[in-house]
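*Asks:* Pasting in a structure now, in structure tokens, and then I'll have a few things to ask.
FYI, it's all coordinate maths here, none of it is from the lab. Not measured: the values here are computed from a predicted model. FYI the Cβ positions are ideal-geometry reconstructions off the backbone, even for glycines, and counts take in every protein chain you see.
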């Protein structure tokens with residue numbers, strides 16, 4: 001069993017135009033920098049990208065928007081990106097906006113093998129249009145479906161050769177659920193260690209979900225809003 | 001904010017007869033030994049107990065069966081207990097048997113604020129009787145509901161004064177989901193440490209779910225099947 | 001004198017109770033954390049996956065792996081915990097958050113809230129707001145009483161697309177504190193020096209004014 | 001000569017492929033782990049919350065905090081992971097387990113399986129069996145061909161309460177290997193020295209016997 005790849009471009013060898021991708025991260029926090037660069041280089045287009053945000057103009061998914069590789073974004077918040085706005089208003093880009101908790105949970109349900117569930121988020125709003133509405137214990141809920149992807153691209157702090165992943169601080173965000181929801185999950189890590197080096201009590205994503213892993217390089221980890229205490 | 005209690009009996013002061021309890025553990029692995037002893041001593045009766053198993057004759061929930069404190073068991077497997085069998089056959093005990101994954105997931109959904117979901121487990125069997133059946137992507141599923149409890153009683157390895165919990169090895173089992181599903185969650189730990197001593201990346205159950213915590217004592221950790229390599 | 005944004009935040013901080021788990025939205029709500037009474041333990045949740053959010057870091061402590069839901073660099077307090085977005089919204093939906101404070105564009109007298117979209121202008125997305133308002137038991141809206149055009153934001157019904165229905169329980173504006181119940185805004189307190197007449201003139205929705213309306217402590 | 005339980009386990013081990021994540025039920029299925037071909041990496045899942053389950057511990061290494069789904073003390077291999085029951089059944093339902101091996105009381109020619117209850121006798125509960133059979137794509141049943149009364153366990157339809165419907169893909173018994181498809185048991189291999197006539201006489205369900213049925217390698 002070999003899950004270890006040399007680098008990002010070898011790990012995405014079979015991502016073709018038209019694919020549906022999940023990309024981990026929240027804002028620019030914990031995004032798969034190496035994999036995004038490789039996708040830009042490879043040039044696969046007409047992609048459907050599921051990601052909480054769309055990056056900024058010159059970093060993260062913003063890089064893929066610039067090259068017009070993205071056909072559709074499925075996100076909860078996309079307000080940080082001017083190129084995004086331009087393409088959206090021009091009709092070059094489709095967008096599906098989903099409440100953040102619903103988005104996270106739909107992804108999680110794919111990893112849990114649960115096809116549908118009920119959530120209160122969006123009841124009585126335009127998000128509820130066309131959805132099954134149902135009352136449980138006197139409260140109204142919408143039925144939502146699990147969200148799957150052809151490929152999930154995530155970035156973890158540490159990983160081992162069997163694909164076990166550990167995240168650092170707030171970078172777990174959408175990446176844990178996405179890692180479990182991809183038909184093929186590709187993980188880049190800051191440090192790749194031999195199997196057995198990570199304490200099995202501390203693993204955030206067991207290797208069973210991770211099909212390919214490689215040690216990334218040159219992490220920029222750009223900060224969106226640098227706020228400091230005076 | 002003070003969540004710390006002196007011991008098990010002070011922590012269960014308001015568990016009255018007729019309450020619905022979740023008790024963590026798998027077999028005798030990771031069960032809340034101190035809390036069970038305190039419940040036996042207190043003598044609250046007519047309890048509904050949600051627990052994957054029912055202990056053995058003289059340990060775990062078996063102790064509460066002996067004293068006839070349990071009105072109803074909700075479990076996936078109860079085959080290790082003769083007193084249980086006797087009470088069941090005599091009609092002294094109600095039992096609701098649920099597929100293990102469905103049981104775990106129904107508990108998890110309570111902690112996730114999701115009232116209902118769909119699972120394939122039990123389709124076409126007597127478990128499906130009376131339940132909504134629905135097809136998703138060509139496969140048949142049952143609708144199942146979240147499972148709540150008045151009190152969740154769990155045992156962790158380490159905990160801090162704000163209720164954060166860490167488990168050891170296979171003891172996480174049902175306890176993580178149950179800790180999140182109780183209206184009041186009471187945790188006993190082998191070691192209680194000040195807030196800040198546990199790495200926030202390694203916490204299995206954040207303290208927001210845990211209302212009371214105490215350091216347990218005299219752990220027996222009985223082994224059900226002592227198997228060794230020759 | 002009407003409250004400034006710090007005054008609004010300070011007033012909302014009086015709603016805190018020891019041991020509360022609190023979610024503060026971006027903008028004025030974030031400022032509430034500066035007015036936590038001494039000796040009170042409040043755990044702030046950031047919906048990108050953190051409990052126990054602390055103040056901004058010192059320059060030397062900035063960590064790109066640690067941001068809040070507003071994408072700002074922050075710190076974590078002792079006893080805090082990291083988790084993922086699924087768990088984060090799980091605890092929100094399960095009602096584990098004792099108090100949610102967020103901004104709004106409009107609030108209706110039945111508790112409806114609009115805060116995420118202005119048709120025809122750019123749509124940024126609802127982020128976590130729809131999950132929060134659909135789930136929280138105790139929602140306080142922090143906002144200016146009127147919009148930039150001077151129009152009331154407390155309305156008979158919302159004109160903008162809704163974020164959630166019948167969910168707002170209290171509103172703190174620059175002019176006063178309002179409880180939302182029985183299909184009306186109930187005036188609880190006036191900002192220092194603000195008259196009931198001013199509040200009445202700037203509230204488009206049904207306003208209930210009791211016989212005595214205390215002035216807010218300064 | 002019919003296979004003993006070790007022979008059944010050994011035959012099932014031939015179905016393993018490098019990199020497989022496998023769930024082995026209690027009894028004969030557990031024995032399969034003793035026959036993993038050398039050089040092959042197989043990760044065993046134990047549904048109480050572990051991947052990478054290792055052999056029983058040495059006496060000195062027994063840890064009461066580490067058991068398998070059969071409640072036996074075990075070990076974990078390098079690269080294994082612990083998790084909770086929710087995640088454990090999540091990976092099962094999501095189809096991440098490549099092979100599931102379990103016992104049965106009865107299997108029907110349409111793939112139905114009965115394994116958890118004998119009405120009138122004690123009911124122990126289904127444990128995780130219903131989740132496993134409803135979710136796994138690749139289910140092999142390991143069992144004796146006949147019950148203690150000598151009656152066939154491969155039936156036109158199950159008589160006992162079902163565990164799952166239309167889910168069994170393969171059966172390995174003491175007498176042979178069977179694929180379950182097109183509403184029939186298809187004989188793939190005979191146990192060493194077992195005749196087709198014996199298999200036919202002990203199979204109550206529809207049996208399809210191809211022209212040539214190889215004898216299993218010893």
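*Asks:* Please report the projected area of the protein assembly as shown's Cα convex hull averaged over all directions, in nm².
*Replies:* On the way: hull surface 155.9 nm².
Computed as one quarter of the Cα hull surface, the answer is 39.0 nm².
*Asks:* Identify which of B:137, B:183, B:34 has the largest mean-square fluctuation in a Gaussian network model of chain B, with springs joining Cα atoms closer than 10 Å.
*Replies:* Maximum fluctuation in the GNM of chain B, among the listed residues, is at B:137.
*Asks:* Another question, then. What distance in nm separates the two pseudo spin-label positions at residue C:38 and residue D:208, each 7 Å out from Cα along the beta-carbon direction?
*Replies:* Rounded to a tenth, the inter-label distance reads 8.3 nm.
*Asks:* What per residue convex hull volume, in Å³, comes out for chain B when only alpha-carbon positions are used?
*Replies:* Dividing the Cα hull volume of chain B by its residues yields 161 Å³.
*Asks:* Provide the percentage of antiparallel DSSP beta bridges, counting only those with both residues in chain B; round to the nearest 5.
*Replies:* So the antiparallel bridges amount to about 30 percent of the total.
*Asks:* Please give, to one decimal in nm, the separation of the simple spin-label points placed at residue C:151 and residue A:218, each 7 Å out from Cα toward the Cβ.
*Replies:* Inter-label distance under the simple model: 5.1 nm.
*Asks:* Then there's this: Please compute the Kirkwood hydrodynamic radius over chain D, one decimal place, Å, based on all pairs of different Cα atoms.
*Replies:* 17.9 Å
*Asks:* Let's test this: bin the Cα-Cα distances of segment D:98-218 at 10 Å from zero up to the farthest pair and state each bin's percent.
*Replies:* 14, 48, 30, 8, 0
*Asks:* Calculate, for residue C:60 and residue D:188, the FRET efficiency according to 1/(1 + (r/R0)^6) with r their C-beta to C-beta distance and R0 51 Å; round to the nearest 0.05.
*Replies:* Working from the Cβ atoms, E equals 0.15.
*Asks:* Over chain A, what is the relative contact order in percent, taking alpha-carbon pairs closer than 8 angstrom and at least six residues apart? Write out the running numbers ahead of the final one.
*Replies:* Numbers: 522 pairs, mean separation 52.9, N = 230.
Taking the mean separation of contacting Cα pairs over the length of chain A, I get 23 percent.
*Asks:* Turning to a different aspect of this structure: Most mobile of C:77, C:24, C:16 per a Gaussian network model of chain C (Cα springs, under 10 Å)?
*Replies:* C:77
*Asks:* Another question about this same structure. Throw me the Rg/Rh for segment B:8-47, computed over C-alpha atoms with Kirkwood Rh, two decimals.
*Replies:* Radius of gyration relative to Kirkwood radius: 0.96.
*Asks:* Something else about it: Compute the convex hull volume of the Cα atoms of segment B:28-135, divide it by the residue count, and report the result per residue in Å³ as a whole number.
*Replies:* 124 Å³
*Asks:* For a quick check, take a GNM of chain A with Cα springs below 10 Å and name the residue from A:14, A:150, A:218 with the largest mean-square fluctuation.
*Replies:* Of the options given, A:218 has the highest mean-square fluctuation.
*Asks:* So how do B:80, C:197, A:83 line up by other beta-carbon neighbours within 10 Å, fewest first?
*Replies:* C:197, A:83, B:80
*Asks:* Which percent, nearest 5, of DSSP beta bridges in segment B:42-154 are antiparallel?
*Replies:* 55 percent
*Asks:* Could I ask something else about it? For residue A:132 paired with residue A:225, estimate the spin-label separation in nm (one decimal), with each label point 7 Å from Cα along the Cα-to-Cβ line.
*Replies:* 3.9 nm
*Asks:* From zero outward in steps of 5 Å, how is the percent of C-alpha pairs of segment D:1-124 spread across the bins?
*Replies:* All Cα pairs, binned at 5 Å, distribute as 2, 10, 17, 21, 21, 15, 9, 4, 1, 0 percent.
*Asks:* Here is a further query. Can you work out the base-10 log of I(q)/I(0) for segment B:56-103 at q = 0.21 1/Å, using the Debye formula on its C-alpha atoms alone?
*Replies:* -0.68
*Asks:* Using only the Cα atoms of segment D:112-151, what semi-axes does the equivalent ellipsoid have when each is the square root of 5 times a gyration tensor eigenvalue? Give whole Å, largest first.
*Replies:* Value: 20, 17, 7 Å, ordered largest first.
*Asks:* What base-10 log of the normalised intensity I(q)/I(0) is obtained for segment C:8-71 from the Debye formula, alpha carbons as equal point scatterers, at q = 0.12, 0.16 Å⁻¹?
*Replies:* -0.31, -0.54
*Asks:* Still on this structure: Please figure out what share of the DSSP beta bridges in the protein assembly as shown is antiparallel and state it in percent, rounded to the nearest 5.
*Replies:* 40 percent
*Asks:* Tell me what chain B gives for mean residue ellipticity at 222 nm when only DSSP H runs of n ≥ 4 count, each as -39,500 (n - 2.57), the sum divided by the residue total, rounded to 500 deg cm²/dmol.
*Replies:* Roughly -5500 deg cm²/dmol at 222 nm, from the helical runs in chain B.
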